[in-house]
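Following: one structure in structure tokens, then a few remarks.
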Amino acid sequence: MPRSNRPKRRPGGPSTGEGDSLEHLLSGWKRTESRRGREFFVQPVSAERAVKEYLCPGCGLGITPSVPHLVIWRADGVLGDEADLAARRHWHTHCWRIG
């Protein structure tokens, strides 16, 4: 029987669901930007990782799956990382740049 080169998921191993979003976002590539006197974390989402539809707060239009965009959340919130991540928003890249 031929060998499969696909990685096997182990029970308790890393998942790609929403449950691990805190660890994923905190450990992923991100930058910090200042807007209107506040600090924000900005993390790009590639087209391959964009699998859900979101509503952009900048223009009010939907961000469809497979469209690269940005995830934005406060970097200087007083309630901690988990509260800031719960309030994160997905923006079109253009809308964040002009906003």
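Go through the residues of the range 29-43 one by one and say whether even a single one is out of contact with any strand residue (DSSP E or B) (no Cβ under 9 Å at 6 or more places or on another chain) and assigned to a loop (DSSP other than H, G, I, E, B).
For the range 29-43, residues out of contact with any strand residue (DSSP E or B) (no Cβ under 9 Å at 6 or more places or on another chain) and assigned to a loop (DSSP other than H, G, I, E, B): present.
I'd like to know if the range 42-50 contains one or more residues that are at pLDDT below 60 and of a type outside the set (Asp, Glu).
No, the range 42-50 contains no residue that is at pLDDT below 60 and of a type outside the set (Asp, Glu).
Going residue by residue through the range 64-84, is there one that turns out to be at pLDDT 90 or above, exposed (fewer than 12 other Cβ atoms within 10 Å of the Cβ), in a loop (DSSP other than H, G, I, E, B) and of a type in the set (A, V, I, L, M)?
No, the range 64-84 contains no residue that is at pLDDT 90 or above, exposed (fewer than 12 other Cβ atoms within 10 Å of the Cβ), in a loop (DSSP other than H, G, I, E, B) and of a type in the set (A, V, I, L, M).
The values are calculated or read from the model by the stated rules, or taken from the named source; none is laboratory data. Computed from a prediction, not measured in an experiment: that's the story for all the values here. Cβ coordinates were reconstructed from backbone atoms using ideal geometry, including for glycine residues, and neighbour counts include every protein chain displayed.
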